[in-house]
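S.K.: Handing you a structure now.
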Amino acid sequence: MRRALAGLAALALLGASGAAQQSPAFSSKIEAVRVDALVTDNGQPVLGLRPADFEVVDNGVTQTVDLVSFDEIPLNVILALDMSDSVAGDRLSQLRAAGGRLLESLHKEDQAALVSFSHEVRLAAKLTGDVAAVRSALGESHGTGTTSLIDGAYAGLMIGESDAGRALLIVFSDGVDTSSWLRADAVLDTAKRADVVVYGVSVVSRLKPEFLRDLTSLTGGRLFEIEKTANLPATFLGILEEFRHRYLVSYTPKGVAKDGWHKLDVRVKNRRATIKARPGYLAGS
Amino acid sequence: MIRGLAFAVALGLLESSGAAQQQRAPGSGMLLPATLVEAGRIERLERWMRAVARHVPGEQDAAFVEIAGWPNDNLKPLFVDASALVQTIGHAGVNAGATMTVRPAGQKTALRVRYSTEQYHRLQVLACAAGGRMLEKECWQIKAVDELDPELRQIAVLARASYLRGDRNYLVRRAAIVHSDVAMLAPGSMVAPGSVGRPAAGAVERFRMEISDGQELDLHQSAVHWEIARMLLDFVRPRGSDRADPGHDDMVRQWYRATAAWMQLKEDHDKIHLEHARELFPSDPDILFLAACQRETYAGAPIQTAVKSAFLPAGVVIDVASDRAELRDAEAFFRRSLDVRSDFAEARLRYGRVLDRLGKHVEAAAELRKAIGGLTDRQMLYYGGMFLGAAEETLGNRDAARVGYEQSAELYPMAQSPLLALSQLARHSGDRGAALRAIDRLFALPPEERNEQDDPWWWYYVSQGRDADVLLDVMQRPYRSEVLQ
């Protein structure tokens with residue numbers, strides 16, 4: 001039971017907090033595409049870019065960037081955390097501490113949710129602005145059972161999709177999948193359709209975290225492979241900080257097909273920069 | 001509790017590559033020079049014989065405790081001496097020779113041992129008692145009866161009664177049951193000290209890897225109780241037969257079926273066990289079914305990931321192939337099982353799933369539909385809905401896939417897998433609303449009411465062994481009488 005990853009989305013609205021309170025719009029039409037992009041130079045975030053600084057090429061066709069947002073759109077942070085047998089004792093304490101530190105660092109307008117997964121996938125805390133409730137749920141989680149990483153990641157993606165806000169999914173696992181029903185390729189297909197950026201954190205072992213690697217790559221996120229979970233709080237905070245430094249680039253596709261896989265190429269004009277964004281998206285979904 | 005998911009698993013390991021090379025060597029079947037049997041071994045064999053006769057199958061009685069307490073350093077010689085004893089029973093007083101040859105199952109290299117004159121004489125006396133042949137000429141000639149204490153005489157009487165009923169296997173059957181009881185009921189006794197590495201030539205040795213959630217926990221030598229039991233049953237002479245022919249003995253068949261089911265229920269896997277069972281019963285649909293299930297399990301993530309992550313000493317390899325290779329074996333064994341018993345619905349259900357995993361989706365869907373028509377068990381019907389749903393989904397038949405998943409969701413309303421499948425199916429179809437509604441059904445399951453039994457998917461890899469206790473009881477029941485008091 002193994003495999004690979006995911007990409008983007010297509011929504012009528014850019015997610016603002018107001019939009020988050022509306023009924024979710026599940027239109028299958030692509031009116032606008034938004035791409036979360038991290039722009040760095042020598043590892044440092046590049047700030048102050050405007051729409052005219054970006055060039056987006058959608059299936060080979062250069063698009064006009066309508067809007068670029070930076071650090072002003074509230075976040076929906078979804079934690080999908082491995083709570084299998086192996087996560088117990090110190091590791092569980094460190095995981096709780098990491099989650100707690102991250103939740104403390106959220107802004108007032110941000111929302112959070114908690115999915116715990118062992119063999120069982122559980123919505124421990126629904127998406128809410130009541131961060132204390134999420135922290136409380138985190139404190140009650142405990143490790144038992146096997147690892148349904150793929151099922152848990154899917155549940156996290158769907159929570160991200162349930163709200164029009166800007167979604168960051170952080171998936172932590174110290175193992176590999178042993179009990180999911182869903183196949184990795186199916187969940188990666190979902191990720192290609194979703195407007196959720198996934199960051200993964202895995203503990204180094206002899207087994208390569210192929211699914212998390214693919215999932216984070218397809219969604220424009222990043223995989224952190226850590227030696228020790230003692231560093232977990234710093235890792236989680238680093239993810240949040242990096243995500244806040246990302247631009248949300250929006251454009252209305254023109255001259256491209258409405259369905260199928262769209263290869264994306266995001267660039268910054270007239271300066272040296274490294275761009276991290278999803279490699280494409282599945283339209284018509 | 002789902003042991004298969006939450007608890008350690010033991011995998012049978014192949015012998016070290018050194019032994020494997022010996023098996024492949026030209027002229028395999030080489031004999032090693034005979035080694036002298038050290039003092040005290042026949043006395044231990046006698047204690048073993050008494051314990052075997054006293055043990056009530058399935059119970060952790062004093063005899064059980066005694067044998068369970070023997071270290072592997074005692075069990076390995078016992079393997080040899082018990083083999084020598086039953087060979088001598090076969091000859092019953094005829095001079096079988098003080099030099100005995102023993103070949104552990106799965107090894108081509110035979111072990112040769114030489115008993116002293118005194119040791120061999122005592123071995124003959126014990127064989128006369130255990131074979132129930134004290135009244136026969138060969139045993140009279142060596143005056144065996146004069147050398148038996150009351151307890152051994154009672155064993156001789158019990159063995160004689162069995163002999164007169166046509167079963168010449170009083171000791172052999174009971175001994176196999178004792179050792180399988182120890183292996184099943186005293187798992188702690190299966191962990192043996194000693195390094196894991198190249199075994200001595202001709203020696204019977206087994207290694208086991210304990211795994212949990214796809215990761216290795218421990219690698220150690222294993223006590224050879226299963227090996228002793230299998231070796232003994234190889235000497236069974238069916239009613240009316242003058243020679244060992246275990247493949248035509250129903251108790252042996254029941255023993256393999258029950259113990260293999262137990263192994264799969266407890267995830268205590270051992271490939272050699274079922275390979276030997278298939279050698280004995282090549283056309284038995286139940287044995288073939290269990291062999292296929294074992295290969296299907298070996299192809300699953302819990303074992304595949306554990307094998308990939310294992311730290312093994314140089315020269316030691318695990319007898320688990322790639323997932324596709326294991327699936328192909330499973331496919332073949334299920335097919336053969338169904339060839340023998342075409343109405344074996346559970347075999348057909350699993351066969352369909354294996355075909356689907358091998359990419360034969362059209363064939364899989366057809367087999368699954370046929371299987372579902374013959375199923376009545378709720379759990380099996382749940383699997384049927386899920387597997388048929390998956391096959392139909394792959395074929396692009398989304399409505400049919402949805403029907404399958406929904407049927408499984410109705411059968412087990414607290415199960416998460418059908419809801420995940422329905423959500424993902426809808427999302428793949430571009431219907432995000434339906435996908436969210438399905439996942440909301442999962443999120444709405446009341447946490448306080450959820451438990452380990454909610455989702456049959458979680459125990460799919462052990463479900464084929466769910467009747468193990470019944471099978472063991474049926475197999476053992478005839479041997480709960482005529483126990484040495």
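The values are calculated or read from the model by the stated rules, or taken from the named source; none is laboratory data. From a predicted model like this one, the values you see are computed outputs, not experimental measurements. Don't worry about glycine lacking a Cβ; one is built from the backbone with ideal geometry, like all the others, and counts go over all protein chains shown. The accessibility values were calculated without ligands, DNA or RNA, using every heavy atom of the protein model including side chains. Shrake-Rupley method; radii C 1.70, N 1.55, O 1.52, S 1.80 Å.
S.K.: If you take the charge dipole of the protein assembly as shown about its Cα centre, with +1 on Lys and Arg Cβ and -1 on Asp and Glu Cβ, which of A:Leu157, B:Gly389, B:Tyr298 is farthest toward its positive end?
M.R.: Projecting each Cα onto the dipole axis, the largest value belongs to B:Tyr298.
S.K.: Follow-up question, since we're still on this one. In the range A:76-99, what residues drop by 40 Å² or more of accessible area when the other protein chains are put back, versus the chain on its own? Use 1.4 Å, and skip ligands and nucleic acids.
M.R.: A:Asp85
S.K.: At q = 0.11, 0.21, 0.26 Å⁻¹, what base-10 log of I(q)/I(0) does the Debye formula yield for the range A:147-223 when every alpha carbon is treated as an equal point scatterer in vacuo?
M.R.: The Debye formula, applied to the Cα set alone, gives -0.23, -0.86, -1.30.
S.K.: Turning to a different aspect of this structure: If each DSSP helix of 4+ residues adds -39,500 (n - 2.57) and the sum is divided by the residues in chain B, what number results at 222 nm, nearest 500 deg cm²/dmol?
M.R.: -17500 deg cm²/dmol
S.K.: Using a 1.4 Å probe on the protein heavy atoms, what percent of the accessible area of chain A belongs to carbon and sulfur? Could you put the intermediate results ahead of the total?
M.R.: Values: 5030 of 10740 Å².
Taking all protein chains in place, chain A shows 47 percent carbon and sulfur surface.
S.K.: Around A:Val201, which amide H atoms from residues at least 5 apart in sequence, or from another chain, sit under 5 Å from its own amide H, with H modelled in the peptide plane?
M.R.: Close amide H contacts, sequence-distant or interchain: A:Val171, A:Phe172, A:Ser173, A:Phe224.
S.K.: Using a 1.4 Å probe on the heavy atoms of the protein chains only, list every residue of the range B:404-450 that has 50 Å² or more less accessible area in the complete assembly than in its chain alone.
M.R.: The answer is B:Leu420, B:Gln424, B:Arg427, B:His428, B:Arg432, B:Leu436, B:Phe443, B:Arg450 - residues whose exposure falls by at least 50 Å² when every protein chain is included.
S.K.: Additional query: Give me D for the range A:23-156 in µm² s⁻¹, whole number, from Stokes-Einstein with Rh from the Kirkwood sum over alpha-carbon pairs, 10 °C and 1.306 mPa s. Don't skip to the end; give the middle numbers.
M.R.: Values: Rh = 17.6 Å.
My calculation gives 90 µm²/s for D.
S.K.: Dividing the Cα radius of gyration by the Kirkwood radius, what Rg/Rh value follows for chain B?
M.R.: 1.04
S.K.: Which of A:Gly100, A:Gly48, A:Gly60 moves the most in a Gaussian network model of chain A with Cα springs under 10 Å?
M.R.: Among A:Gly100, A:Gly48, A:Gly60, the largest GNM mean-square fluctuation belongs to A:Gly48.
S.K.: Taking a quarter of the surface of the convex hull around the Cα atoms of the protein assembly as shown, what do you get in nm²? Let's see the in-between values first.
M.R.: Values: hull surface 144.3 nm².
Approximately 36.1 nm², given one-decimal rounding.
S.K.: Right, another one. Hey, in the protein assembly as shown, which Cys have no second cysteine's beta-carbon closer than 4.7 Å?
M.R.: B:Cys293 - these cysteines have no disulfide-compatible partner (Cβ-Cβ under 4.7 Å) in the protein assembly as shown.
S.K.: Just in the range B:270-321: which chymotrypsin sites (Phe, Trp or Tyr not before Pro) are loop by DSSP and have at most 12 other Cβ atoms within 10 Å?
M.R.: Passing sites in the range B:270-321 are B:Phe311.
S.K.: Further question: Averaging over every viewing direction, what projected area does the convex hull of the Cα atoms of chain A cover, in nm²?
M.R.: Mean shadow area of the hull around the Cα atoms is 13.7 nm².
S.K.: On to the next question. Using a probe radius of 1.4 Å on heavy atoms only, what accessible surface per residue do you get for chain B? Whole Å² is fine.
M.R.: With the other protein chains kept in place, chain B gives 38 Å² per residue.
S.K.: Continuing with the same structure: Residues with amide H under 5 Å of B:Leu219's amide H, sequence separation 5 or more or different chain, H placed in the peptide plane at 1.01 Å from N; which?
M.R.: B:Glu210
S.K.: Please compute the modelled spin-label separation between A:Thr40 and A:His107, points set 7 Å along Cα→Cβ, answer in nm with one decimal.
M.R.: That separation, rounded to one decimal, is 2.2 nm.
S.K.: Between B:Ala161 and B:Glu59, take the C-beta separation as r, use R0 = 25 Å, and let me know the FRET efficiency to the nearest 0.05.
M.R.: It comes to 0.70.
S.K.: Modelled label-to-label distance, B:Arg243 and B:Leu395, 7 Å Cα→beta-carbon offset: nm?
M.R.: 5.1
S.K.: Just to be sure I understand: if you take the accessible area of chain B alone plus chain A alone and subtract the pair, with a 1.4 Å probe, what total do you get in Å², rounded to 100?
M.R.: 3600
S.K.: Can you compute the helix-only [θ] at 222 nm over chain A? Use -39500 (n - 2.57) per DSSP H run of at least 4 residues, normalise by all residues, nearest 500 deg cm²/dmol. It would help to have the intermediate numbers written out before the result.
M.R.: On the way: 7 runs with 75 residues, N = 285.
Per the formula, -8000 deg cm²/dmol.
S.K.: Let me ask something additional. Express the carbon and sulfur contribution to the solvent-accessible surface of the range B:214-275 as a percent, rounded to the nearest whole number, probe 1.4 angstrom.
M.R.: 44
S.K.: Which FRET efficiency value, to the nearest 0.05, do you get for B:Thr35 and B:Leu185 by plugging their Cβ-Cβ distance into 1/(1 + (r/R0)^6) with R0 = 35 Å? Spell out each step's value before the answer.
M.R.: Details: r = 33 Å, r/R0 = 0.94.
About 0.60, to the nearest 0.05.
S.K.: With the other protein chains left in place, how much accessible area per residue, in square angstrom, belongs to chain A at a 1.4 angstrom probe?
M.R.: With the other protein chains kept in place, chain A gives 38 Å² per residue.
S.K.: With angles folded into 0 to 90 degrees, how steeply does helix B:417-428 sit against the dominant principal axis of chain B? Use alpha carbons for both and round to 10.
M.R.: Approximately 40 degrees, to the nearest ten.
S.K.: On full extension of the chain, what length is gained from B:Gln379 through B:Glu448, given 0.36 nm per residue of separation minus the C-alpha to C-alpha distance?
M.R.: 22.6 nm is the gain from fully extending B:Gln379 to B:Glu448.
S.K.: May I ask you to find the residues of the range A:113-147 that are shielded by at least 20 Å² of accessible area once the whole protein assembly is considered instead of their isolated chain (probe 1.4 Å)?
M.R.: Residues passing the criterion (a loss of at least 20 Å², heavy atoms only) are A:His119, A:Glu120, A:Val121, A:Arg122, A:Leu123, A:Thr146.
S.K.: How well do other chains shield peptide B:264-273, expressed as the mean number of their Cβ atoms within 10 Å of each residue Cβ? Mind dumping the intermediate values first?
M.R.: Details: counts 0, 0, 0, 0, 0, 0, 0, 0, 0, 0.
Rounded to a whole number, the mean comes out at 0.
S.K.: Three principal axis extents, largest first, for the C-alpha atoms of the range A:63-118, in Å?
M.R.: 50, 26, 14
S.K.: Something else about it: Restricting to Cα atoms and excluding each atom paired with itself, what does the Kirkwood estimate give for the range A:75-243 in Å?
M.R.: Hydrodynamic radius (Kirkwood, Cα only) of the range A:75-243 equals 15.3 Å.
S.K.: What is the dipole size for the range A:95-226, taken about its Cα centre, with +1 at each Lys and Arg Cβ and -1 at each Asp and Glu Cβ, in debye to the nearest 20?
M.R.: 220
S.K.: OK, next. Of the beta bridges DSSP finds with both residues in chain B, what % are antiparallel, to the nearest 5?
M.R.: Among the beta bridges of chain B, antiparallel pairing accounts for roughly 80 percent.
S.K.: Once you charge only the Cβ atoms, +1 for Lys and Arg and -1 for Asp and Glu, what is the size of the charge dipole of the range B:339-411 about its Cα centre, to the nearest 20 debye?
M.R.: For this selection, approximately 120 debye.
S.K.: Taking the Cα centre of the protein assembly as shown as origin, sum charge times position over the Cβ atoms of Lys and Arg (+1) and Asp and Glu (-1), and report the length of that vector in debye to the nearest 20. Mind showing how you got there, number by number?
M.R.: Numbers: 91 positive and 99 negative charges, 295 e Å.
It comes to approximately 1420 debye.
S.K.: Give the residues of the range B:327-364 whose amide nitrogen is closer than 12 Å to a point set 7 Å from the Cα of B:Asp467 in the direction of its Cβ.
M.R.: From the range B:327-364, the list is B:344-347.
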